[in-house]
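The values are calculated or read from the model by the stated rules, or taken from the named source; none is laboratory data. Bear in mind the structure is a predicted one, so any value in this text is a computation, not a measurement. Positions of Cβ are generated from backbone atoms using ideal geometry, with glycine treated the same way; all protein chains shown enter the neighbour counts. What goes into the accessible areas is simple: the full protein's heavy atoms, side chains included, and nothing from ligands, DNA or RNA. Shrake-Rupley method; radii C 1.70, N 1.55, O 1.52, S 1.80 Å.
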Amino acid sequence: MPLTPPDRRRNVMTITQQGRQRLRGLDKLLAAVQDDLLAPLTKSEREQFIDLLTRVLDHQLEKASHR
């Protein structure tokens, strides 16, 4: 991890080709698990469910940032 010249407190990281391949594999696995988990829901219901979960998560993150 090289140090950045303007701010030596910060490190810049890059992902390797192997890391990119691993990430693509994990993305495929995640998509398959989500498809299985959400199989009973229609496309519209899936979108609504994910939107609601995102709102709950955003609210919790906002609360945590004020502690």
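Check the stretch 6-24 and report whether any residue there is of a type in the set (A, V, I, L, M) and assigned to a helix (DSSP H, G or I).
Yes, that holds for at least one residue.
If the Cβ limit is 6 Å and pairs must be 6+ apart or interchain, which residue in the stretch 46-67 that is in a helix (DSSP H, G or I) pairs with which residue that is modelled with pLDDT of 95 or more?
Hits for this filter: Arg46/Leu38.
Mind listing whichever residues of the stretch 27-52 are among the aliphatic types (A, V, I, L, M) and open to solvent by less than 90 Å² (accessible area, probe 1.4 Å)?
Matches in the stretch 27-52: Ala31, Ala32, Val33, Leu38, Ala39, Leu41, Ile50, Leu52.
Based on this model, can you work out whether Arg24 counts as open to solvent by less than 80 Å² (accessible area, probe 1.4 Å), charged (D, E, K, R) and out of contact with any Phe, Trp or Tyr (no Cβ under 9 Å at 6 or more places or on another chain)?
Spelling it out, it is not the case that Arg24 is open to solvent by less than 80 Å² (accessible area, probe 1.4 Å), charged (D, E, K, R) and out of contact with any Phe, Trp or Tyr (no Cβ under 9 Å at 6 or more places or on another chain).
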